[in-house]
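Q: Before anything else, here's the structure in question.
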Amino acid sequence: LFPLAVRGSEGLYMVNGPPSFTESTAFQRDSGKNCRAVAFSKDGSLFAWCNGQKVNVVNITTTELLHSFDLPKTVCLEFSPKNNVLATWQAYTTAKDGTAGVPNLQLQDLRTGKCLKSFIQRKQQNWCPCWADDESICARNVNNEVHFFENNNFNTIANKLHLQKVSDFVLSPGAQPTKVAVYVPGSKGAPSFVRLYQYPNFGGPQSALANKSFFKADKVTMLWNKKATAVLVVASTEVDKSGASYYGEQTLHYVAASGESAVVQLPKNGPIYDVAWSPNSVEFCAVYGFMPAKATVFNLKCDPVFDFGTGPRNAVYYSPHGHILVLAGFGNLRGQMEVWDVKNYKLISKPVASDSTYFAWCPDGEHIVTATCAPRLRVGNGYKIWHYTGSVLHCHEVPSEQEVWQVFWQPFLDGVFPERAVRYQAVPSELPRAEPRPAQAYRPPALRHKPAASSKLHEDEPPQNMKPQLGGGDKPVSKTALKNQRKHEAKKAAKQEAKADAHQGPAQVKPAQSALQNAAPAMTTGDPEVDKRIKNLKKKLKAIEQLKEQAAAGKQLEKNQVEKIQKEAALLKELEDLELGV
């Protein structure tokens, strides 16, 4: 059983996961309506919540109440990785006379029940200290420098990392040695930068493992992979000066602990909605571009491995074992999900979870929860538990006057659940399959009596494997080899055309445009932007050909039409250069 914690206006309770979906007896329901903060420990053995009167800690296995702390205004809770410390945060308040308020960040020792240390922490953002997985070090950002404590001794600052203005930092996961990624925003014309350090070597820029600087950044998100070998940095500006995007401008950077760094080249312009590392640490997936958004898996060289094409999506979720990937469109999209087998890049299912505000994989890698929660949406609150093959196994919707605020699985440590073979056949369910009624798109009167396909706003790009095969072999082809292959094919086609022209004689020479169209079969360059330009050029040349035919038939051409015909040679040259890969 994999319990699911549910917090809402009906109180706080736990529901057993598949197959029973009954209320759990391991946790006694707290019916109070003031439950504002809840947290599981990393291994799922402990559970803490604040009910507006006390912060309580229980052992899920034995159902024993371990501690009850008198902290009624707590709004944030977090366990340390080894369950030695519980961090609590209350909103910071100053005294009426303007003097400093009392410390509002408490670190409670869960073995003794005593307060280890209290700090003043004004902002809720990044309120919680960060621990290494073995709790050997703990770090806090204080006045733009990072303070490090060792072995949960918070009375002595063991180390400091001081740069111009450290805005954010992230500790690496996994075993020692611990690495630190720090972000320093740019000022007065200087670029922003992210640096990686290995604790405790902080002696100047030369001691950094890696450094990546960039100009376009008001804020960044830093994501370590599981093996702590690299960091992905999503740099965002709040305003896109080109005016192309309401959401500002984003760039994706790759920084390796070995010192290598690169900008990840995304083939489609537009926002970066989501980025996620695969649990195997050697691939990552990005969802990006103006709608319909593209999704692409990249390797550690930042080369594309698989492109999922375009679709209505803005989020990506790898399963805990990394063998399944879900692309989803939540928020202002309709909740379409695509479930993919990552090993074979085959589509498993396409369920739809309308109005969902939350998605999470169950630790078993088989089940998924989607939920509609307040305050994001105040109607139709509830949650659904799915199997990844698309079957809805359990559905709970609260009465219209009630709200659900939070839903989340009890976590388990890696390795507790073995990876199972991927299934394609939908698992049986007592509930009917959720088949949403397709929404009828608005069609203007002029298009209402025409076939639907003729009024498409855009062409969806199909998925494609980005490891091209040369001669049917298994070895991936380099960019140079592909370019040479295209040149060779173009030359071969040109020779064949020359021979055909020689046989036909001068009287039967085809117009240049027809020759180009028939010279070689339609072929893609591998670069979507180049393919688009080639398509546009061919369209223009076809229009010129039609104008020439009209002129030959004796039609009087307009001035702009004559100018179009005069551009034919330049367009042919540009097309030839693009098809040869120049």
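The values are calculated or read from the model by the stated rules, or taken from the named source; none is laboratory data. Note that the structure is a prediction, hence the values are computed from the model and not measured. Neighbour counts are summed over all protein chains in view; Cβ atoms, including those assigned to glycine, are modelled from backbone coordinates with ideal geometry. Only protein heavy atoms, including side chains, enter the accessible area calculation; ligands, DNA and RNA are left aside. Shrake-Rupley method; radii C 1.70, N 1.55, O 1.52, S 1.80 Å.
Q: Rounded to a whole number, what % of the accessible area of region 300-429 do carbon and sulfur atoms account for, probe 1.4 Å?
A: Ligands and nucleic acids excluded, carbon and sulfur reach 52 percent.
Q: Further question on the same structure: Taking amide H atoms as placed 1.01 Å from N in the peptide plane, list the residues 5 or more away in sequence, or in a different chain, whose amide H sits under 5 Å from that of GLY248.
A: Excluding prolines and chain starts, which carry no amide H, the hits are ASP240.
Q: To the nearest 10 square angstrom, how much accessible area does ILE565 have with a 1.4 angstrom probe?
A: 40
Q: For region 90-195, what relative contact order do you get, as a whole percent, if you take Cα pairs closer than 8 Å and at least 6 residues apart?
A: Reported as a whole number, the value is 15 percent.
Q: Assuming 0.692 mPa s and 37 °C, estimate D for region 34-125 with Stokes-Einstein, Rh taken as the Kirkwood radius over Cα pairs, in µm²/s.
A: Result for D is 242 µm²/s.
Q: Suppose we look only past 17 Å in the calculated P(r) of region 329-445. What percent of the Cα-Cα pairs does that tail hold?
A: Roughly 62 percent, once rounded to a whole number.
Q: Give me the net charge of PRO418's neighbourhood, meaning all other residues with Cβ under 12 Å from the Cβ of PRO418; Lys, Arg count +1, Asp, Glu -1.
A: Summing Lys and Arg as +1 and Asp and Glu as -1 gives -3.
Q: Right, another one. Kindly flag which residue pairs out of LYS268/LYS564; LYS350/LYS540; LYS535/LYS567 have an alpha-carbon separation exceeding 27 Å in this structure.
A: LYS268/LYS564; LYS350/LYS540
Q: Quick one: 3J(HN,Hα) in Hz for region 564-574, Karplus 6.51/-1.76/1.60 with θ = phi - 60°, rounded, Gly and Pro as x.
A: 4, 4, 5, 7, 4, 4, 5, 5, 4, 5, 4
Q: With just the Cα atoms of region 533-581, tell me how far they stretch along each of the three principal axes, in Å, largest first.
A: For region 533-581, the Cα spread along each principal axis is 39, 14, 14 Å.
Q: Right, another one. Rounded to whole Å and sorted largest first, what semi-axes of the equivalent ellipsoid does the C-alpha gyration tensor of region 278-371 yield via the square root of 5 times each eigenvalue?
A: Details: eigenvalues 81, 58, 23 Å².
For region 278-371, the semi-axes come out at 20, 17, 11 Å.
Q: Once phi is turned into θ = phi - 60°, what whole-Hz ³J(HN,Hα) does the Karplus curve with 6.51, -1.76 and 1.60 give for every residue of region 366-378, x standing for Gly and Pro?
A: Rounded to whole hertz, the list is 10, 10, 9, 10, 10, 9, 10, 10, 7, x, 4, 9, 9.
Q: Once phi is turned into ³J(HN,Hα) by the Karplus curve 6.51 cos²θ - 1.76 cosθ + 1.60 with θ = phi - 60°, what whole-Hz value does each residue of region 67-76 show in order, with x for glycine and proline?
A: The phi angles translate into 8, 9, 9, 7, 9, x, 9, 5, 10, 9 Hz.
Q: Sticking with this one: Could you check how much of the accessible area of region 533-581 is carbon and sulfur, as a whole percent, using a 1.4 Å probe?
A: Carbon and sulfur together cover 51 percent of it.
Q: Further, regarding this structure: Please report the spacing between the Cα centers of region 379-395 and region 157-212 in Å, no decimals.
A: If you average the Cα positions of each part, the centres end up 42 Å apart.
Q: Oh, and also: Considering every Cα-Cα pair within region 129-261, what fraction, in whole percent, is farther apart than 20 Å?
A: So the pairs more than 20 Å apart make up 45 percent of the total in region 129-261.
Q: Considering Cα pairs under 8 angstrom that are at least six residues apart, work out the relative contact order of region 129-261 and quote it in whole percent. Before the final figure, lay out the partial values.
A: Details: 298 pairs, mean separation 19.9, N = 133.
Relative contact order of region 129-261: 15 percent.
Q: Got a sec? What order do LEU347, LEU580, LEU71 fall in by accessible area at 1.4 Å, biggest, i.e. largest, first?
A: In descending accessible area the options line up as LEU347, LEU580, LEU71.
Q: What number of lysine-lysine pairs in region 152-232 show an alpha-carbon separation below 15 angstrom, given a sequence spacing of 8 or more or placement on distinct chains?
A: Lysine pairs satisfying the spacing and distance rule in region 152-232 number 6.
Q: D for region 331-371, whole µm²/s, Stokes-Einstein with Kirkwood Rh over alpha-carbon pairs at 20 °C and 1.002 mPa s: what number?
A: Details: Rh = 11.3 Å.
It diffuses with D of about 189 µm²/s by this estimate.
Q: Could you size up the charge dipole of region 34-125 around its Cα centre, putting +1 on the beta carbon of Lys and Arg and -1 on that of Asp and Glu, and report it in debye to the nearest 20?
A: 220
Q: Residues with amide H under 5 Å of THR357's amide H, sequence separation 5 or more or different chain, H placed in the peptide plane at 1.01 Å from N; which?
A: Here the answer is ALA371, THR372, CYS373, since their amide H atoms fall under 5 Å of that of THR357.
Q: Right, something else. Assuming R0 = 45 Å, can you tell me the calculated FRET efficiency for the pair GLU135 and ASP531, based on Cβ-Cβ distance, to the nearest 0.05?
A: For GLU135 and ASP531, the calculated efficiency is 0.30.
Q: If you don't mind, there's one more thing I want to ask. Taking loop as defined by DSSP and a crowding limit of 13 other beta carbons within 10 Å, which GluC sites (Glu not before Pro) in region 52-156 fit?
A: GLU64
Q: Which cross-chain or sequence-distant (5 or more) residues have an amide H under 5 Å from the amide H of LYS219, H modelled 1.01 Å from N in plane?
A: HN-HN under 5 Å from LYS219: SER236.
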